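Trainee: Mind having a look at this structure? Questions to follow.
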Amino acid sequence: MKKMIQTCLLIFIVHAVSLSAECEPTIVQLAPPVLNPQTILKEQACTRPMREGSFKISSEKVGSKTITHIYGHGGSGWTTLFGSVNSGIKLFQAMPGVNKETPIRVIGSGCMGLTTAIELSRLGYKVVGITTKSLYDMPSWRAAGYFALVSVKTSPEEQENLNAIGVDTFKNYQLIDQGKHPYITQDAVRYLPVYCSEDTDSGVEDLEVRGLIPAHEHVTLDFGNGVLRPGFLKYMTYFMNTPNLMQQLTAQVRKLGIPIELGKVESFNDVKETVIFNCTGLGARELNQDDKMIAIRGHLIALNELSGTEHMDYMIYTKVYQDDKEAYIYMFPKAVIVSDDEKSYIPCRSVLGGTFIPNLDKLSSEELAKRDAEEYQKMLDRNALFFYGKPFPR
Ligand SMILES: Cc1cc2nc3c(=O)[nH]c(=O)nc-3n(C[C@H](O)[C@H](O)[C@H](O)COP(=O)(O)OP(=O)(O)OC[C@H]3O[C@@H](n4cnc5c(N)ncnc54)[C@H](O)[C@@H]3O)c2cc1C
């Protein structure tokens with residue numbers, strides 16, 4: 001009997017020790033970015049092309065035209081890129097009368113349009129051109145670069161499809177990372193830790209469940225300035241260097257001899273080709289009369305070289321509270337942004353962001369400018385409070 005009690009006690013102690021080792025958070029020392037008026041390089045706002053319920057990937061016959069739609073990915077367009085394009089092309093291939101001789105027109109030169117043109121061409125289809133309203137003024141250039149399924153409005157019945165598209169895309173970024181991708185070089189991605197509070201949906205949970213990334217760790221963040229943030233989780237995922245990716249995709253389109261022509265398509269009937277890929281993002285609201293499209297505005301603050309370098313080796317994506325209201329902050333190690341005049345690439349040392357505000361496109365330009373200015377101020381305070389425990393010094 002005594003032996004049995006001793007054995008039980010031993011099992012209990014071993015279990016308790018291993019449990020506490022499992023749950024004891026690791027302290028992670030992180031260098032915060034230096035935040036003051038001298039370290040702010042630039043503020044930029046942009047609008048995510050969100051579609052209520054689900055993004056649109058479909059192929060349909062409209063009169064004499066076969067139109068394949070690939071748009072509406074909200075804040076996850078880069079995260080769903082390759083999977084979405086592959087799905088759209090598969091649906092197109094299943095349409096009646098498809099052949100490799102019929103000229104194809106792609107509308108839109110964001111990440112979806114460029115990748116669609118490249119993949120179709122690699123499969124032997126005849127892409128005769130991309131028509132686009134703008135070369136630079138679009139979310140694909142401005143996106144922060146976090147690989148995660150966040151800010152994409154998916155109904156529960158669509159979730160599995162979204163996850164599958166995310167996995168397909170993740171595997172493509174793995175190929176890029178391993179230097180095995182057919183047309184994108186390794187420097188377009190970085191595999192990095194991201195820290196999220198325990199009550200934040202990180203957007204990478206599905207990758208963890210499928211064993212594509214390591215299991216998360218419980219951590220306490222220590223910013224070395226007296227600020228400790230307990231209750232955080234560490235995940236691993238990709239940072240996608242979006243301007244670099246856009247440059248490489250554009251270069252590949254040109255290498256394939258596909259012309260990129262500037263112009264707004266007002267109606268599918270105005271396109272002379274009978275096969276069309278519609279990759280117009282938010283433009284699909286008008287072009288495809290899709291009233292499920294919602295503009296979700298996001299604000300980014302790029303930091304300059306005075307902000308330091310060590311914060312470029314990790315990512316933050318987390319829920320916080322500001323004035324008792326739920327808000328988000330994120331920091332991603334973007335190293336270059338495109339200037340507003342679209343003529344140059346400006347080096348930077350990460351971007352701060354985390355606003356997801358619907359329907360601001362309905363405001364007048366004065367009202368929008370005022371609202372943007374307020375958001376930047378709030379963002380700076382949120383970040384300074386998170387990293388330093390005090391408001392942004394002005
Ligand atoms: C602030 C911000 C941060 C983001 N961060 C991330 C992130 O971290 N991770 C992530 O995965 N995603 C992120 N995103 C989302 C991502 O940028 C988008 O989902 C993605 O770029 C959408 O790509 P797209 O090619 O569908 O559309 P777009 O980039 O909008 O391109 C649409 C193209 O269509 C053209 N066009 C539109 N209408 C017409 C017309 N009628 N005729 C001709 N051309 C037309 C436009 O000129 C443009 O070339 C972010 C977005 C924003 C705004």
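The values are calculated or read from the model by the stated rules, or taken from the named source; none is laboratory data. All figures in this text were calculated on a predicted structure; none of them were measured in a lab. Reconstructed Cβ throughout: ideal geometry from the backbone, glycine too, with neighbour counts over all protein chains shown.
Trainee: Looking only at residues in segment 264-275 that are within 11 Å of the ligand (Cβ to nearest atom) and not in a loop (DSSP other than H, G, I, E, B), which one is surrounded by the most Cβ atoms within 10 Å (Cβ to Cβ)?
Mentor: Phe268
Trainee: Does Gly124 qualify as being among the small types (Gly, Ala, Ser), out of contact with any Asp or Glu (no Cβ under 7 Å at 6 or more places or on another chain) and surrounded by fewer than 19 Cβ atoms within 10 Å (Cβ to Cβ)?
Mentor: Considered against the rule, which asks whether it is among the small types (Gly, Ala, Ser), out of contact with any Asp or Glu (no Cβ under 7 Å at 6 or more places or on another chain) and surrounded by fewer than 19 Cβ atoms within 10 Å (Cβ to Cβ), Gly124 comes out as yes.
Trainee: Of all residues in segment 328-362, how many are more than 15 Å from the ligand (Cβ to nearest atom) and either crowded, with 20+ Cβ neighbours inside 10 Å or without any contact (Cβ under 8 Å) to a residue 60 or more places away in the chain (or both)?
Mentor: Number satisfying all stated conditions: 7.
Trainee: Follow-up. Can you pull out every residue in segment 115-136 that is part of a helix (DSSP H, G or I), within 12 Å of the ligand (Cβ to nearest atom) and in contact with a strand residue (DSSP E or B) (Cβ under 7 Å, 6 or more places away or on another chain)?
Mentor: Of everything in segment 115-136, those that are part of a helix (DSSP H, G or I), within 12 Å of the ligand (Cβ to nearest atom) and in contact with a strand residue (DSSP E or B) (Cβ under 7 Å, 6 or more places away or on another chain) turn out to be Thr116, Ala117.
Trainee: Further question on the same structure: Inspect segment 31-38 for any residue being at pLDDT below 95 and not basic (Lys, Arg) and give the result as yes or no. Give the derivation first.
Mentor: Initially, segment 31-38 is screened for residues at pLDDT below 95, giving none.
Checked against the condition, which is being at pLDDT below 95 and not basic (Lys, Arg), segment 31-38 yields no hits at all.
Trainee: So, of the residues in segment 352-380 that are under 15 Å from Thr39 (Cα atoms) and aliphatic (A, V, I, L, M), which turns out to be farthest from the chain's Cα centre (by Cα)?
Mentor: Leu380
Trainee: Quick one: in segment 64-89, which of the residues that are within 14 Å of Ser54 (Cβ to Cβ) and of a type in the set (S, T, N, Q) is surrounded by the fewest Cβ atoms within 10 Å (Cβ to Cβ)?
Mentor: Ser87
Trainee: Whether any residue in segment 13-28 is modelled with pLDDT of 95 or more, of a type outside the set (A, V, I, L, M, F, W, C) and over 30 Å from Gln159 (Cα atoms) is what I want to check.
Mentor: There is at least one residue in segment 13-28 that is modelled with pLDDT of 95 or more, of a type outside the set (A, V, I, L, M, F, W, C) and over 30 Å from Gln159 (Cα atoms).
Trainee: Within the set of pairs 6 or more residues apart or between chains, which connect a residue that is within 18 Å of Arg122 (Cα to Cα) and at pLDDT 95 or above inside segment 237-251 to a residue that is of a type in the set (Asp, Glu) and within 10 Å of the ligand (Cβ to nearest atom) with Cβ atoms less than 8 Å apart?
Mentor: Listed pairs, sorted by first residue: none to list.
Trainee: Might you check whether a residue that is without any contact (Cβ under 8 Å) to a residue 40 or more places away in the chain, part of a helix (DSSP H, G or I) and not polar (S, T, N, Q) occurs anywhere in segment 186-200? Step through it out loud before you land on a result.
Mentor: Within segment 186-200, the first condition is being without any contact (Cβ under 8 Å) to a residue 40 or more places away in the chain, and the residues that meet it are 186, 198.
This time we only want the ones that are part of a helix (DSSP H, G or I), so: 186.
Those still in the list that are not polar (S, T, N, Q) too: none.
No, segment 186-200 has no match at all.
Trainee: Could you give every pair whose Cβ atoms fall below 8 Å, whose first residue belongs to segment 363-376 and is outside any helix (DSSP H, G or I), and whose second residue is surrounded by 15 or more Cβ atoms within 10 Å (Cβ to Cβ), counting only separations of at least 6 or pairs across chains?
Mentor: Matching pairs, first to second residue: Leu363/Arg371.
Trainee: I would also like to ask the following. What residue, among those in segment 59-89 that are assigned to a helix (DSSP H, G or I) and free of Cβ contacts under 8 Å to residues at least 60 places away in the same chain, is farthest from Cys111 (Cα to Cα)?
Mentor: Ile89
Trainee: If you check Thr169, Thr154, which single one turns out to be within 14 Å of the ligand (Cβ to nearest atom), closer than 24 Å to Gly353 by Cβ and modelled with pLDDT under 95?
Mentor: Thr154
Trainee: If you check Thr250 against the conditions, is it within 13 Å of the ligand (Cβ to nearest atom), of a type outside the set (Asp, Glu) and in a strand (DSSP E or B)?
Mentor: On the way: within 13 Å of the ligand (Cβ to nearest atom): yes; of a type outside the set (Asp, Glu): yes; in a strand (DSSP E or B): no.
Against the criterion (within 13 Å of the ligand (Cβ to nearest atom), of a type outside the set (Asp, Glu) and in a strand (DSSP E or B)), Thr250 does not qualify.
Trainee: Separate question: Which residues, taken from segment 201-219, are outside any helix (DSSP H, G or I) and crowded, with 17+ Cβ neighbours inside 10 Å?
Mentor: At the first step, the residues of segment 201-219 found to be outside any helix (DSSP H, G or I) are 201-204, 210-219.
Correct list: Ser202, Gly203, Val204, Ile213, His216, Val219.
Trainee: Name every residue in segment 141-183 that is assigned to a loop (DSSP other than H, G, I, E, B), touching a Leu at 6+ places or on another chain (Cβ under 7 Å) and farther than 19 Å from Thr200 by Cα, in order of residue number.
Mentor: Listed by number, the list holds a single entry, His181.
Trainee: Taking Pro139, is it within 16 Å of the ligand (Cβ to nearest atom) and not hydrophobic (A, V, I, L, M, F, W, C)?
Mentor: yes
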